Amino acid sequence: MNFIYPEFLYALGFLVIPIIIHLFNFRRYKTVRFSQVRFLKELKQQTKSTSRLKHLLVLISRCLLFASLVIAFAQPYLLDNEMKPMGKKGVIIYLDNSFSMASESEKGILFELGKNKVLEIIAAYGADEKFNLITNDIDQNSYKWLKKERIIEKLQEAELSPIFRSLSEVNLIQQELFQAESLIPELYYISDFQKNSSDFKNINDTSALNLVYLNSIEHKNLSLDSLSSSKPFHLEQSNEIIEAFITNYSEENFNNVPFNLYLNNSLKSPSNTDIQAKEKKSIFFNFMSDKVKVQQGKVVIKDYPITFDDTLYYSFEIQQKIQVFHIFDQEANNGIRHIYELDSLFDYSAYSQTKVDYGILKQQDLIVLDELKSISSGLEQELKKHIEKGGSLVIFLTKDLDLNNYNLFFQNIGIDNLVKSVSEETKLTSINKNADLYKSVFEEIPKEIDLPFINNYWTISNSNTIIREKLLGLTNGLPYLLKYKYKQANVYLNLSSLNTETSNFTSHAIFVPTMYNMALYSAENNKLYHTIGQKSIPINIGYTNESPLKIKRGNFEFIPKQRNSGGIIYFDLDNNKLSPGYYKLFIGDSLKQSIAVNYNRKESDISTFTPKDIERIAEEQGLKPVFIDATSSNLTFNIEEQTKGVKIWKYFIVLALIFIGLEILFLRILK
């Protein structure tokens, strides 16, 4: 037997007082004189024995009464072999407030049940313990120990959140708290334990994990997952095609699901669709863009009860012209000139390397290097600035180039070194139809397609540390046209010359879509939308600015986490006050961009782990899950038994009452 307040046991020392009184018996006797005492001797002996017995029994009952009360105040409890260690505890409760907790159970909304369970858990611990309540909305208080009263206040403030958080992330925060202060860990997880967030395999913790499993009645959901546009470049009143992807996470089929596309508050393309159980499908919307610079729209489906993933907002800007700058040594290639100069979509300029005005390179979307024998140091610096701000670069080689000069430049922009020039007759045999450059060009490539011939080409080092995409390939398997990604920029490297003696590439049909799409994808193409919680989103402002980026929507305004690197600002959308819709990005008072923001779709997959699944995974990982019955109405009592043992102070109160009754009985019977 153990005691919560053992200091009360010192009061047992006061039991010596009634014992001393009884032994020394300070009671004074009054002498009564009788003329004849012969008949009193027998009565005297009998009365003395009865009185002594009565006083002894009363003394014992009073001592036991006092002892029972003292022990009851000390709050005794019994421990078993599996009891947790005693001492000051750190109680950390994770309350899952993701959108899946909006589902209903037999007793109500999961999130509201979870909040009640938090209250029941903290009621099982004393006010002197340390507490923390963690939700998906991580803030400064998530890394601090709080008092019980502050936990209740924080619980009242908790709401459903769009922020996605895995259990392993939560566990790392819990471990960090215990590293700061030595306490006995009491970890609780209140959740529906969705498979996409309950990554028990990534948890490394030897403490017992108390799991409060909340289960919903229905497991069905239709999710509008994502949108994509077929066009990298958007023009005023041009035909647009948006592809919408939808997933049925349910075990049942859905028929005639309303599926509508809106643009600038107008319904553009109403539709209905059927979708089978567990099916993923896409739907295409065709519409004409309006006469406004910023096009804002949304795609909407109708689904119940989970509705956060039924709408996707999108936004794109109408561009006027694509800036193309052509740099050559002696003479500009006519194939390149004819594609860009004759199309009103492009603002085309061509200059020899010696006459380039470096100042206007900052304004270009695409720069084409046409068979330069070497690259001057000044041009090299400007090209580096161009691609660092996200501009595209196309390089056509010549067989008599300065190898060292080119390789030094290539090293600075993170692409493969050139090795040697090879003169042999070969031809193109492969086209990467899955690449962005060609995916809208070919539905299917004919097997007997006649591709360009090549008489001379360069080989590259094929470094393992460089990521490249082969767009066109030669008969021998070597690359002819490569695409590299340098930060946000596209760098295209054509490993041959364009002159007609070396190749007939410029006169082949494949040349036009190749050059045309290089220019289209060079224009600053903002994503249709971003998701709440997304990090390191780039916005190209073209210069370094001390004023921070601000995000505004109506009266709502905040400054996100951000960093500026070479004129590109990378910012995070991790503010839990964000809601889906349209926002404007400002630098100072200057509007830089309009964006659409949507909820993260990771919560759309409603499949959850069962307790048996969790036990199996935990056993493999060496974890210690303890399932707490969420339906129990005595959760506080059950936790107290686990943490404090079986309390038996009430039994000593009963004993005290029994001893009071015995004392009264002795006083009345033994007169």
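The values are calculated or read from the model by the stated rules, or taken from the named source; none is laboratory data. No experiment lies behind these values; they were computed from the predicted model shown. Heads up, the Cβs are rebuilt from the backbone with ideal geometry, glycines too, and the neighbour counts pull from every protein chain shown.
Residues in the range 285-314 that are surrounded by fewer than 20 Cβ atoms within 10 Å (Cβ to Cβ) and among the basic types (Lys, Arg) were compared, and the one that is farthest from the chain's Cα centre (by Cα) is Lys291. Among the residues of the range 207-217, are any assigned to a loop (DSSP other than H, G, I, E, B) and crowded, with 18+ Cβ neighbours inside 10 Å? Yes.
Taken as a whole, the condition of being modelled with pLDDT of 90 or more, surrounded by fewer than 17 Cβ atoms within 10 Å (Cβ to Cβ) and out of contact with any Leu (no Cβ under 6 Å at 6 or more places or on another chain) does not apply to Asp629.
The residue that is farthest from Asn564 (Cα to Cα), among those in the range 364-381 that are among the charged types (D, E, K, R) and crowded, with 18+ Cβ neighbours inside 10 Å, is Glu371.
Is it the case that some residue within the range 590-606 is more than 28 Å from Ser98 (Cβ to Cβ), in contact with a helix residue (DSSP H, G or I) (Cβ under 8 Å, 6 or more places away or on another chain) and touching a residue at least 40 places away in the same chain (Cβ under 8 Å)? Checked the range 590-606: no residue is more than 28 Å from Ser98 (Cβ to Cβ), in contact with a helix residue (DSSP H, G or I) (Cβ under 8 Å, 6 or more places away or on another chain) and touching a residue at least 40 places away in the same chain (Cβ under 8 Å). For Val491, work out the one condition from (1) surrounded by 15 or more Cβ atoms within 10 Å (Cβ to Cβ); (2) free of Cβ contacts under 8 Å to residues at least 60 places away in the same chain it doesn't fulfil. Tallying (1) surrounded by 15 or more Cβ atoms within 10 Å (Cβ to Cβ); (2) free of Cβ contacts under 8 Å to residues at least 60 places away in the same chain, Val491 fails exactly one: (2). Take Gly554 and tell me if it is within 22 Å of Gln534 (Cα to Cα), of a type in the set (Gly, Ala, Ser) and touching an Asp or Glu at 6+ places or on another chain (Cβ under 9 Å). Here the answer is no, as Gly554 does not meet what is asked.
Applying the set (1) hydroxyl-bearing (Ser, Thr, Tyr); (2) without any contact (Cβ under 8 Å) to a residue 40 or more places away in the chain; (3) in contact with a Gly (Cβ under 8 Å, 6 or more places away or on another chain) to Thr429 leaves exactly one unmet item: (2).
Which residues, counting only those in the range 465-494, are assigned to a strand (DSSP E or B), of a type in the set (Ser, Thr, Tyr) and under 21 Å from Ile449 (Cα atoms)? Within the range 465-494, just Tyr480 meets the criteria. Per the listing Ser282, Ser271, the residue uniquely of a type in the set (Gly, Ala, Ser), surrounded by fewer than 19 Cβ atoms within 10 Å (Cβ to Cβ) and at pLDDT below 90 is Ser271. Counting residues in the range 315-330 that are over 30 Å from Leu224 (Cα atoms), modelled with pLDDT of 90 or more and surrounded by fewer than 17 Cβ atoms within 10 Å (Cβ to Cβ) gives one or more.
Among the residues of the range 384-405, those identified as assigned to a helix (DSSP H, G or I) and modelled with pLDDT of 95 or more are Leu403, Asn404, Asn405. Tell me, please, whether a residue that is charged (D, E, K, R), outside any helix (DSSP H, G or I) and under 22 Å from Glu181 (Cβ atoms) can be found in the range 105-124. No, the range 105-124 has no match at all.
Entry remark, the range 323-359: residues being in a loop (DSSP other than H, G, I, E, B) and in contact with a Gly (Cβ under 9 Å, 6 or more places away or on another chain) number 1 in total.
Remark: pairs (first residue in the range 518-540, outside the structural domain of Ile569 (by TED's automatic domain parsing); second residue outside any loop (DSSP other than H, G, I, E, B) and among the acidic types (Asp, Glu); Cβ separation under 6 Å; 6+ apart in sequence or on different chains) are absent. A single entry from Ser423, Ser440, Ser463, Ser430 fulfils the requirement of being in the same structural domain as Asp329 (by TED's automatic domain parsing), surrounded by fewer than 18 Cβ atoms within 10 Å (Cβ to Cβ), under 14 Å from Ser503 (Cα atoms) and of a type in the set (S, T, N, Q): Ser423. Just one of the listed residues (Glu557, Glu546) is under 30 Å from Asn136 (Cα atoms) and not assigned by TED's automatic domain parsing to the domain that holds Ile395, and it is Glu557. May I ask you to list the residues in the range 348-373 that are closer than 11 Å to His326 by Cα and without any contact (Cβ under 8 Å) to a residue 24 or more places away in the chain? Correct list: empty. Which of the residues spanning the range 406-426 are within 38 Å of the chain's Cα centre (by Cα) and either in contact (Cβ under 8 Å) with a residue 12 or more places away in the chain or assigned to a strand (DSSP E or B) (or both)? Across the range 406-426, the qualifying residues are Asn412, Ile413, Gly414, Ile415, Asp416. Of the residues making up the range 179-225, those that are touching a residue at least 40 places away in the same chain (Cβ under 8 Å) and either on the phi > 0 side of the Ramachandran plot or over 20 Å from the mean Cα position of the chain (by Cα) (or both) number 25. Only a single item in (1) assigned to a strand (DSSP E or B); (2) crowded, with 18+ Cβ neighbours inside 10 Å is not met by Ser497, and it is number (1).
Give the range 70-102 a look and list any residue that's part of a loop (DSSP other than H, G, I, E, B) and either at pLDDT 85 or above or closer than 11 Å to Ile190 by Cα (or both), or say none. Break it down into steps so the answer makes sense when it comes.
To start, the set of residues in the range 70-102 that are part of a loop (DSSP other than H, G, I, E, B) comprises 74-75, 79-88, 96-98.
Selection gives Asp96, Asn97, Ser98.
Is there a residue in the range 235-245 that is exposed (fewer than 15 other Cβ atoms within 10 Å of the Cβ), assigned by TED's automatic domain parsing to the domain that holds Thr631 and of a type outside the set (A, V, I, L, M, F, W, C)? No, that holds for no residue. Can you confirm whether Glu620 is in a helix (DSSP H, G or I), among the charged types (D, E, K, R) and modelled with pLDDT under 85? It is false that Glu620 is in a helix (DSSP H, G or I), among the charged types (D, E, K, R) and modelled with pLDDT under 85.
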